[in-house]
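Shown next, in structure tokens, is the structure this report addresses.
Bear in mind these aren't lab numbers, they're just calculated from the coordinates by the rules spelled out. Predicted model, so just to flag it, every value in this text is computed and none were measured.
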Amino acid sequence: MKTREQHLAWCKETALGILDNGDTKGAFDSIMMNLEKHPETSNNSSIELGAILFPLGYLNSITEVREFIEDCE
């Protein structure tokens, strides 16, 4: 099993790859779903925060989604 740090890096890399293709929703969905797949990131506060921000329209642009993904800890 990957360490927490390895898994988090993989989550970010995968989501940013999707975002590089201009798919903000796909990138957001990717980071959210993949964080939940590891026991040490499944309770990440970014999951809860993203679930609030995205539907309210705070993560619409590529820049906003990129910052959200990169800030996931």
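Against the main long axis of the alpha-carbon atoms of the chain, helix 24-35 sits at an angle near 20°. When averaged across all projection directions, what area in nm² does the alpha-carbon convex hull of the chain cover? In nm², the orientation-averaged hull projection of the chain is 4.1.
Between the helical axis of 4-19 and the longest alpha-carbon principal axis of the chain there is an angle of about 30 degrees. Between 0 and 90 degrees, the angle of helix 62-71 with respect to the longest Cα principal axis of the chain falls at about 20 degrees.
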